[in-house]
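Below you'll find the structure, written out as structure tokens, and then a few comments.
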Amino acid sequence: MKEQMRHIYKLILLTAAIMLQACGSSGDKTVFTISADITETAFSNEFLQESVDTVSIDVDFVGDGLIVGFAPENAPVPWLEYRAENVTENSATIIIKVINAQFLLADTYTTKLRLATSNEDSSKFASHDIDVSLLVWNLAVDAEKVKFNGTFGDTSLAPETITITSEINEWTASTDVDWLSIDVTSGTGDGVIVATPDISSFTASGLQQGNVVLTEVTSGDTKLVPVELALNNVYLFAERPVVALTSTSNVSLVETTLEIGNNGKSALDWQASTSANWLALTPVNGNQLQITADPSKAPMNKNSSAEILIATSEDTTVLSETIKVNFYNSNLTVENKNLESLEINTNELLASPLMPEFYVSVGNQLLTYHQYTGEIETTLTVSPADTLLEQLIMHPTGDYLLAKAIETITVEDETTGETSTSEVTHRYKINLLDDTVTEIVDFDIVWEPTDIVRLLGRYFVVTQALELADENLNVIFWDIENAYLVSELEVAAQTNTLFALDNSSASFKRYVPQVNDFGDDKISIALTHEYHPELLPEGLAIIDFIVTNDESNIYAVNQTSEWISFDGDTFVDNGLLNASESVVTLLLVKNNNGQPNYFRFDRSNDLGFYLDIYNDQQTVSSTVHTQSGQPRNVILSGDNQRLILDVFATVEPEVDAQVNLVTLSQ
């Protein structure tokens, strides 16, 4: 600040007065006089803010001209400038303006301007002084905006505090809306105000806005602290937005049960309906819906689609949920299949959560295969030639996926003939409903996207540094001060909690989201727990993990801690599920019920690679030997009936690159 002030003083004109010569002269008998419409003026300005204040002074004089400057007993000041306008032989308008106020410390500053008229030999002289003061006041607050977030139907919201920093200023506080009250209405210097909203009178969701009004008493200046109250919509949601059902001659998954919840604090009565005659809906236990497909009523050898509407019977303010259902009904006898000589881009293998399809990227193309027949259904060229389509990320509904490709551009210098190369990153949104491709151009994520998650019925793209963005990759929320690189990410679908793996500390971090359709904060997440497995020695990493839909269990891949239970408060490390020294656990996948499926290899026998499917009691319910090479990636189909393996030649040199399709249940 001192350096800034020294710089300002250097800019002061050495001449602190201006001489305005008017036409005419005065005789010896003329009495010189000068008057102005004010004798003092006071400015005020908020600390660190630029001032735009000016004062216009009307001056009348009798004399040979007009002189304006700082009074001799006052040194020039850097915060005031003046100029003359409308000058005549006996009048003028003086404009004084506050400048550089943003560089001044909070304090009161004074000076004196002198208006004078005189003749050439100064034998006649008249003057008029104007006292000028500048109050730089400081009522700094700790937040640009006070935000209250809740859901319509909440009975109350927690209060928020406003901390005022002010060394000397006396102030008052008030609000300009009747739904906001404050506990402190006046003070001097520093202070803390507690603001409390009253939401009892609101009859609908939406955004309410108001202000806490701070008034600096001496000057009467006001400072508005904006207040935003966002009451979110109440809406129903299922733990999964889509359901894939299947019936073939030897594969059957015609029934599933979903948890139905809402984003409010109390349970809601709801009902389910559908227009599909092949679909039966049965409410269970008040908060679950059993969905059953009847193969005898659905067309054979085709996909049948349906929608289930979940809505309240009476409360029209509650937004409904729509669950999409696909039923693949076929007389096909499903067999294990090997799609040979299919060398897909690294780990770019995804299953549709709804349709009996999976997707792979090969070169710059996206290929769609039927998960039961193994036949290729579509080939879509997405990125420029000689690029690799990578980073495939599936939307939870299966409507679209995200992808990227890096293109190398070669440019030849026309003068020297030398060539240079640069890389251009293309990001795409691929609509899987109509096979259209849109390049995402205007985005502001900093890190690479890894997942699309559903939290409290809303969808967000998550990056490897835990940025939360919209589908166009524009950041909505990022706690940059606590950012870290996330190794893996999981959502507990029933509790709507987010779990992230921080391998810098080999710890799980649990977050509770807050989602709001209104206001500035569309999504925020709050860290509630951080846990390092007790049995895992320092320095050992966690390779992968899943969390059950009710968040009661975490299953992981590491050397000591495969099963960790959680009661909402405390984690317990239960050690390994399979402690056999001959068994190597390679991969872990989660089925729709939130149960773990461990992909393993047993060195003690010739059966090779296999999948252990666990139930909710941490017991193996079935084991499937894949009779495949070692995969670099495995996924489950949307109906959980097929295991899809990416066997790469560099992992199994004696095996050509291929994709294996293995049936899990019959």
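The values are calculated or read from the model by the stated rules, or taken from the named source; none is laboratory data. Being a predicted model, the structure only gives us computed values, none of them experimental. Cβ placement follows ideal geometry from the backbone for every residue including glycine, while neighbour counts extend to all protein chains displayed. Ligands, DNA and RNA are stripped out before the accessible areas are found, and what is left, the full protein with its side chains, is counted by its heavy atoms. Shrake-Rupley method; radii C 1.70, N 1.55, O 1.52, S 1.80 Å.
So the values come out like this:
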| read-out | value |
| --- | --- |
| Shape category assigned to segment 262-341 from the gyration tensor of Cα positions, a/c cut at 1.5 | prolate |
| Lys/Arg +1, Asp/Glu -1 at C-beta; the chain dipole; positive extreme among Ile95, Pro76, Ser552 | Ser552 |
| Volume per residue of the C-alpha convex hull in the chain, rounded to whole Å³ | 257 |
| Residue (of Gln618, Val52, Leu577) at the positive-pole extreme of the chain, dipole from beta-carbon charges | Gln618 |
| Burial order of peptide ranges 235-247, 419-431, 85-97 (average beta-carbon count within 10 Å, highest first) | 235-247, 85-97, 419-431 |
| Dipole in debye (nearest 20) - the chain, about Cα centre, beta carbon charges: Lys, Arg +1; Asp, Glu -1 | 760 |
| Interchain or long-range residues, amide H under 5 Å from Gly264's placed H | Tyr235 |
| Packing-based ranking, highest mean first, of 221-234, 49-62, 615-628 given that Cβ atoms within 10 Å are counted | 221-234, 49-62, 615-628 |
| Residue pairs, from the table Lys265/Lys429; Lys302/Lys337; Lys324/Lys429, whose Cα atoms sit over 24 Å apart | Lys265/Lys429 |
| Positive-end residue of Thr438, Thr410, Tyr400, charge dipole of segment 394-440 with Cβ unit charges | Tyr400 |
| From phi via Karplus (6.51, -1.76, 1.60), per-residue ³J(HN,Hα) for segment 336-351 in Hz, x at Gly/Pro | 5, 9, 10, 8, 7, 6, 10, 9, 8, 4, 3, 6, 8, 9, 9, 9 |
| Residues of segment 530-642: accessible area per residue with a 1.4 Å probe, Å² | 42 |
| Share of carbon and sulfur in the accessible heavy-atom surface of the chain [1.4 Å probe, %] | 47 |
| Gyration tensor verdict on segment 480-525 (Cα atoms; rounded if a/c is under 1.5, prolate if a/b is larger than b/c, oblate otherwise) | oblate |
| Estimated FRET transfer efficiency (Thr41, Arg83; beta-carbon r; R0 22 Å; 0.05) | 0.90 |
| Long-range HN-HN contacts of Leu588 with modeled amide H, under 5 Å | Phe599 |
| Total charge dipole magnitude, segment 472-603, about the Cα centre, Cβ charges on Lys, Arg, Asp, Glu only, Debye to nearest 20 | 420 |
| Within segment 336-488: Cβ-based charge dipole about Cα centre, in debye rounded to nearest 20 (Lys, Arg +1; Asp, Glu -1) | 700 |
| Highest to lowest packing among 141-148, 110-117, scored as the average C-beta count within 10 Å | 110-117, 141-148 |
| Those lysines that a straight Cα-Cα span of less than 28 Å connects to Lys97, excepting residues fewer than 8 apart in one chain | Lys2, Lys10, Lys112, Lys223 |
| In Hz, Karplus ³J(HN,Hα) per residue of segment 291-301 (6.51, -1.76, 1.60; θ = phi - 60°; x = Gly, Pro) | 10, 10, 9, 10, x, 6, 9, 9, x, 8, 6 |
| Other-chain or far-sequence residues with amide H under 5 Å of Leu535's (modelled H) | none |
| Using θ = phi - 60° and Karplus 6.51 cos²θ - 1.76 cosθ + 1.60, couplings along segment 498-504 (whole Hz; Gly, Pro as x) | 10, 10, 10, 9, 9, 7, 5 |
| Surrounding net charge for Asp612, when Lys and Arg each add one and Asp and Glu each subtract one, Cβ distance under 12 Å | -1 |
| Equivalent-ellipsoid semi-axes of segment 443-533, from the Cα gyration tensor, Å, largest first | 20, 15, 11 |
| Segment 296-421: C-alpha gyration tensor shape, a/c 1.5 cut-off, then a/b vs b/c | oblate |
